[in-house]
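What follows is a short report on a single structure.
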Amino acid sequence: MSSAITPIIMPKWGLEMREGTVSDWLVDVGTRITVGMPIMDVDTDKLSNSVEAPDPGLLRRRIAQAGETYLVRALLGVMAESDVSDAEIDAFVDAFEVPVAGADDEDAGPAYDYVEVDGIRVRYARRGPDEGVPLVLLHGFGGDLGNWLFNIDALAESFPVITLDLPGHGQSQAKLPAKSVAGLSDFVAKLLDQIGVAKVHIGGHSMGGAIATQFALTHPKRTASLTLICSAGLGKEINTGYTDGFIAATNKRELKAVVEQLFANPELVTRSLVDDLLKYKRMDGVPEVLEALGHSLFSNGLQTETPGLKLDAKSPPVLVIWGAKDQVIPAQHASNAPAGSTVAVIDGAGHMVMLEKANEVNALIKKHVGSH
Amino acid sequence: MARKISMKQAINEALDLEMARDPLVICMGEDIVGGAGGNGEMDAWGGVLGVTKGLYAKHGDRLMDTPLSESAYIGAAIGAAACGYRPVAELMFIDFMGVCFDQIYNQAAKFKYMFGGKAETPVVIRAMVGAGFRAAAQHSQMLTPLFTHIPGLKVVCPSTPYDTKGLLIQSIRDNDPVIFCEHKNLYGFEGEVPEGSYAIPFGEANIVREGKHVTIVTYGLMVHRSLEAAAELAKEGIEVEIVDLRTLSPLDMDTVLDSVTKTGRLVCVDEASPRCSIAADISAQVVQHAFGALKAGIEMVTPPHVPVPFSPVLEDLYIPSGAQIAIAVRKTLQGGRK
């Protein structure tokens, strides 16, 4: 009765994950698992995260061994009720087909698209169902769409999700349409026009939050809801030691020390994460873009634009999420959200709360977007 | 956008982008276009292994086929560099360096110093290095230590397409003479490379694998052999850290010393002949600067001190293998001081 058997498989986090290493099981055989319960910790070459149960059930078998590496969609464990025999579980495990590396990704077509807006080539990704108002997620200063590694696929189960590399960031062209939040917000609006997206749920992290806020203020009818994660624009203060340090860092050692400020747990900053950032920072034109934008938006401990303080009861519904240990923008800014906003300050997370506490952040966003 | 390309394509792309960016960048070499004086179609060759193929169509006469006279055209490239151009000369096999060595080590390397800093020589000499190509003793050498011995020369030997593109762009933009060593057995090796331009600074080693038990310091093709060894050793619970030097002059000893301080054990892997090699240089510097950190004697994995054999069986035995590297790592773990 294999229909009564539920496999636990290696998830695919982000667009480039091929395999993950199980670092630890968090539950024993015989545990009654509920939806959303963390089952095991998995390390990828980018970051580590907990695998959560997508379905409820009784854990009968732990297949994956701690310390071993498994392909995406490989069988890690088996859930089944007690009336399913061990022989049936053995048969299920034996019959489970180990996925072929890469085969699935080629079928899925290209992970990214490119669009040229105002003469600037921009990379974006669209995931999830064709129908429905999409959630557009904007990354922060120096970031890219990879910052939504643990969010994009989980959220795309419920609604369409669009992420992009802002101009001068990630794999978009190293060229700025403007050095202001308002200018970047106009650029995002033009980009959405060009790819045929009218109404959106918009969200952003850090600088991307300020851009999303400005978008919601400029286009209230176009904006179904607003999600702000450790957002800029909700107060004056910012740790410009971080932004200046990010601009100035020219090697791995310097960059690692700076980027560690983004996380409550600095051990999450892997070599691969620093390598990728350094590769980005070394592209021709990028240092100039970061310097121009960073110094225009953030200087001497202050943000130059605070669109979040203009939000009011007439603005689209707002969700504010913050990592309690944010070392870049103070979590106290969450209290500047307009009355009626949903506010969640998450313990044990820093500025990259959507990476550090992905499951909690995803649940909050799903609920917010789902109800507006 | 990053996509997978070969090391050969990465070289072509770096030359293409820099020629488009800077009109002073020129390329010269034997058959790099269509073969000098031949009646054949221009751009038919693109060098002996087709590395520069397609560039003539885009950049025209800024790519020049030269006579089969290394002493003449390497000298011409160095002269053009001293007069303000940024020439990239393709020497085919590094083994041919001998006939133009005065131009390189007595002229190019010395101009800046002997003219009180008033002259610069921004020349890049690209050459294929390494064994495994069934090309016998005169086309297979890893002569990197000959060039690291000369002050005034910069020496690069990348292991991946990403590093190749970024380091070649840096070589062209650099104001000093650069010997750019391309391992011919890595030409087909593919990796993710961004489409745009980027430069990787000289003197920055890359830790390609992290580990806490033993440090391997290496470069070029041997990075890949070391990775094979590390994967094998990981099954035995041995965690190897691999430092890819990337540039041999300047040399990033800080990264080497940091790693050895962490692990206490060092294996140097070098495809060059063992005497006065990069491996010998690294070993000596580690003993000089981090003797206290060493928990065991340093191991070196190199070919034997003989010319590269023509017999394929012997050539395969000549090149250090992953298995040999693994043996050296185990040996340094067995040895030790109390």
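The values are calculated or read from the model by the stated rules, or taken from the named source; none is laboratory data. Note that the structure is predicted; figures quoted are calculated from it, not measured. Cβ atoms come from the backbone with ideal geometry, glycine included; neighbour counts cover every protein chain shown.
Taking every residue in the range B:30-53 that is farther than 18 Å from B:Val129 by Cα and pairing it with any residue that is modelled with pLDDT under 85 and surrounded by fewer than 15 Cβ atoms within 10 Å (Cβ to Cβ), at least 6 positions away or on another chain, the pairs with Cβ-Cβ distances below 6 Å are B:Gly34/B:Gly40; B:Gly34/B:Ala44. Residues that are within 24 Å of A:Gly241 (Cβ to Cβ) and surrounded by fewer than 18 Cβ atoms within 10 Å (Cβ to Cβ) within the range A:346-372 comprise A:Asp347, A:Gly348, listed in sequence order.
The residues in the range A:137-184 that are away from every other protein chain (no Cβ under 14 Å), assigned to a strand (DSSP E or B) and touching a residue at least 40 places away in the same chain (Cβ under 8 Å) can be counted, and the count is 2. Check the range A:201-208 and report whether any residue there is touching a Cys at 6+ places or on another chain (Cβ under 8 Å), part of a loop (DSSP other than H, G, I, E, B) and away from every other protein chain (no Cβ under 14 Å). Within the range A:201-208 (the criterion being touching a Cys at 6+ places or on another chain (Cβ under 8 Å), part of a loop (DSSP other than H, G, I, E, B) and away from every other protein chain (no Cβ under 14 Å)), the answer is yes, since at least one residue qualifies. Take the residues in the range A:274-298 that are of a type in the set (D, E, K, R) and in a helix (DSSP H, G or I); name whichever of them is farthest from the other protein chains (Cβ to nearest Cβ). Checked the range A:274-298; the qualifying residue farthest from the other protein chains (Cβ to nearest Cβ) is A:Glu291. For A:Ala224, the test of being outside any helix (DSSP H, G or I) and either more than 14 Å from chain B (Cβ to nearest Cβ) or surrounded by fewer than 22 Cβ atoms within 10 Å (Cβ to Cβ) (or both) is passed. Reported count of residues in the range A:247-263, each being closer than 19 Å to A:Leu355 by Cα and in a helix (DSSP H, G or I), is 8.
If you check A:Met207, A:Met283 for being in contact (Cβ under 8 Å) with a residue 60 or more places away in the chain and either among the charged types (D, E, K, R) or under 30 Å from B:Ala14 (Cα atoms) (or both), only one passes: A:Met283. Restricting attention to the range B:220-242, does a residue exist that is over 24 Å from B:Val287 (Cα atoms), among the hydrophobic types (A, V, I, L, M, F, W, C), crowded, with 21+ Cβ neighbours inside 10 Å and within 11 Å of chain A (Cβ to nearest Cβ)? No: zero hits. Each residue in the range B:102-131 was checked for being hydroxyl-bearing (Ser, Thr, Tyr) and surrounded by 14 or more Cβ atoms within 10 Å (Cβ to Cβ), and 2 of them qualify.
Do we have A:Asp41 as of a type outside the set (Val, Ile, Thr) and touching a helix residue (DSSP H, G or I) at 6+ places or on another chain (Cβ under 8 Å) here? For A:Asp41, the condition - of a type outside the set (Val, Ile, Thr) and touching a helix residue (DSSP H, G or I) at 6+ places or on another chain (Cβ under 8 Å) - is not met. Residues of the range A:239-249 include none that is within 13 Å of chain B (Cβ to nearest Cβ) and under 22 Å from the mean Cα position of the chain (by Cα).
Scoring B:Ile104 on the criteria (1) under 18 Å from the mean Cα position of the chain (by Cα); (2) over 24 Å from B:Leu186 (Cα atoms); (3) assigned to a loop (DSSP other than H, G, I, E, B) leaves a single failure, condition (3). Return yes when B:Val217 is at pLDDT 95 or above, in a helix (DSSP H, G or I), surrounded by 22 or more Cβ atoms within 10 Å (Cβ to Cβ) and more than 14 Å from every other protein chain (Cβ to nearest Cβ) and no when it is not. Judged against the criteria, B:Val217 is not a match. Tally up the residues in the range A:281-310 that are among the charged types (D, E, K, R) and in contact with a strand residue (DSSP E or B) (Cβ under 7 Å, 6 or more places away or on another chain), please. Within the range A:281-310, residues that are among the charged types (D, E, K, R) and in contact with a strand residue (DSSP E or B) (Cβ under 7 Å, 6 or more places away or on another chain) number 2. In the set (1) crowded, with 16+ Cβ neighbours inside 10 Å; (2) in contact with a helix residue (DSSP H, G or I) (Cβ under 6 Å, 6 or more places away or on another chain), A:Leu293 fails one condition alone, (2). Is it fair to say A:Gly235 is part of a helix (DSSP H, G or I) and at pLDDT 95 or above? Judged against the criteria, A:Gly235 is not a match. Residue-level analysis places A:Ser180 among those that are of a type in the set (S, T, N, Q), surrounded by fewer than 24 Cβ atoms within 10 Å (Cβ to Cβ) and under 26 Å from A:Lys310 (Cα atoms).
Taken together, B:Ala109, B:Ala80 contain a single residue that is more than 19 Å from B:Leu186 (Cβ to Cβ), modelled with pLDDT of 95 or more and touching a Gly at 6+ places or on another chain (Cβ under 9 Å), which is B:Ala109. In the range A:264-273, the residue that is farthest from the other protein chains (Cβ to nearest Cβ) out of those that are part of a loop (DSSP other than H, G, I, E, B) and surrounded by fewer than 18 Cβ atoms within 10 Å (Cβ to Cβ) is A:Asn265. Filtered by the rule that a residue be more than 14 Å from chain A (Cβ to nearest Cβ) and either small (Gly, Ala, Ser) or in contact (Cβ under 8 Å) with a residue 60 or more places away in the chain (or both), the range B:11-28 gives B:Ile11, B:Leu15, B:Leu24, B:Val25, B:Ile26, B:Cys27, B:Met28. When the range A:81-114 is filtered for residues that are surrounded by 11 or more Cβ atoms within 10 Å (Cβ to Cβ), modelled with pLDDT of 85 or more and more than 22 Å from A:Gln171 (Cβ to Cβ), the ones remaining, listed by number, are A:Glu81, A:Val84, A:Ser85, A:Glu88, A:Ile89, A:Asp90, A:Ala91, A:Phe92, A:Val93, A:Phe96.
Can you find a residue that is outside any helix (DSSP H, G or I), on the phi > 0 side of the Ramachandran plot and within 14 Å of chain B (Cβ to nearest Cβ) anywhere in the range A:339-346? Looking through the range A:339-346, none of the residues is outside any helix (DSSP H, G or I), on the phi > 0 side of the Ramachandran plot and within 14 Å of chain B (Cβ to nearest Cβ). Elements of the type strands (runs of 3 or more DSSP E) sitting completely within the range A:55-97 and holding at least 1 residues that are touching a Gly at 6+ places or on another chain (Cβ under 6 Å): these cover A:57-62, A:75-80.
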